[in-house]
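Report on the structure given below.
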Amino acid sequence: MIHIAETLSIRTVEGFLAPTEIERLNRVMDDTLGSLGHDRYGTTRRTTIHEIPGHAPAQAQEVYEPAGRVEMTEIPYEATTLLDQALKHHMAAVTRTLPSVTGHRPWIYLEYAAGQYITPHADGIAPDPLARPRQIAAATITLTDTHNTGGAFYVETSGSDAPWVADEAPAESGYAPGMRFVHDGTDMSSPWFLAMPRTRWSVSPAPGTLVVFGSQLVHGTEPVRIGRVRKFLTLFVSD
């Protein structure tokens with residue numbers, strides 16, 4: 001059974017990628033992006049992995065990535081293979097605190113230039129917490145040393161009841177007793193979220209570290225100060 005603590009957890013797996021693997025991924029993405037990729041997957045992109053009920057994709061982009069970013073949902077086979085192998089090798093470290101995880105969704109490539117960031121939000125158990133598979137966590141691997149560039153990852157916590165739907169998960173739905181879900185729109189599009197007091201916890205893990213965080217945990221990134229921050233993202237699911 002999925003416990004609410006899994007969807008609010010955070011942990012790291014240091015050494016998820018070796019320095020040689022980071023170099024290889026950087027070369028693969030350099031070749032893939034070429035001279036036009038930053039325009040195709042960044043400036044002129046009109047799609048986004050984020051959704052806000054009642055909002056068009058372009059509106060969701062404005063809320064989540066107001067200064068833009070590179071977002072590539074179909075990455076090269078060589079990158080996928082390397083990342084999948086690393087995840088298979090380290091999966092026991094992931095499931096130690098996320099025992100409900102049975103798999104993951106395809107890897108996504110993200111890149112932030114100077115001034116770019118992602119605003120605070122919770123993914124939720126998307127798209128429907130009662131349907132399967134259930135998205136219970138996400139994970140990112142940053143290829144860049146954010147101590148130098150900025151763009152640190154953060155989570156935000158709050159004792160407020162505002163994000164939570166009042167009703168608990170139905171009995172026999174596969175969730176532990178007392179399971180509750182965050183509202184759709186737990187992001188900067190909602191006045192209640194803007195007004196909610198939050199405490200921010202920022203981290204700058206070493207390049208190649210896997211950062212795993214629950215799908216109901218508010219998270220985001222700080223603006224990049226200089227250069228570019230490269231990372232890969234996947235979503236952990238429970239069947």
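Observations on the structure shown:
- Between the range 157-176 and the range 11-74, the Cα center-to-center distance that results, in Å: 31 Å
- Computed from Cα positions, the angle between helix 77-95 and the longest principal axis of the chain comes to roughly 40 degrees.
- Extension gain for the segment Met1 to Asn148, taken as residue separation times 0.36 nm less the Cα-Cα distance, is 48.8 nm to one decimal.
- Rounded percent of accessible protein surface that carbon and sulfur make up, the chain, 1.4 Å probe: 54 percent
- Counting every C-alpha pair in the chain, the share spaced more than 23 angstrom apart comes to 49%.
- For the range 90-239, the solvent-accessible area of protein heavy atoms averages 41 Å² per residue (probe radius 1.4 Å; ligands and nucleic acids excluded).
- Largest-first ellipsoid semi-axes for the range 1-118, taking √(5λ) over the Cα gyration tensor eigenvalues, angstrom: 27, 22, 12
- Using R0 = 45 Å, the C-beta based FRET efficiency linking Glu168 and His90 works out to 0.85.
- Considering only the Cα atoms of the range 61-181, their convex hull presents on average a projected area of 9.8 nm².
- Each label point was placed 7 Å from the Cα along the Cα-to-Cβ direction; for Arg132 and Arg11 their separation is 2.3 nm.
- Once both labels are positioned 7 Å from their Cα atoms along Cα-to-Cβ, the gap between Asp30 and Ala67 label points is 2.5 nm.
- Taking 7 Å steps out from each Cα toward its Cβ at Arg40 and Gln59 produces label points 3.0 nm apart.
- Loop-located GluC sites (Glu not before Pro) in the range 103-181 (DSSP state not H, G, I, E or B) with no more than 11 neighbouring Cβ atoms inside 10 Å: Glu172.
- Asp184 sits among other residues whose Cβ lies under 15 Å from its own Cβ, and their net charge, with Lys and Arg +1 and Asp and Glu -1, is -4.
- Probe 1.4 Å - accessible area at Arg105, Å² to nearest ten: 60 Å²
- Accessible area per residue was computed with a 1.4 Å probe on protein heavy atoms; Met91 scores about 50 Å².
- Heavy-atom accessible surface of the range 1-87, averaged per residue, reaches 56 Å², computed with a 1.4 Å probe.
The values are calculated or read from the model by the stated rules, or taken from the named source; none is laboratory data. Note that the structure is predicted; figures quoted are calculated from it, not measured. As a convention, Cβ positions derive from the backbone with ideal geometry for all residues, glycine included, and neighbour counts pool all protein chains shown. Protein only, heavy atoms only, side chains kept; ligands, DNA and RNA dropped before computing areas. Shrake-Rupley method; radii C 1.70, N 1.55, O 1.52, S 1.80 Å.
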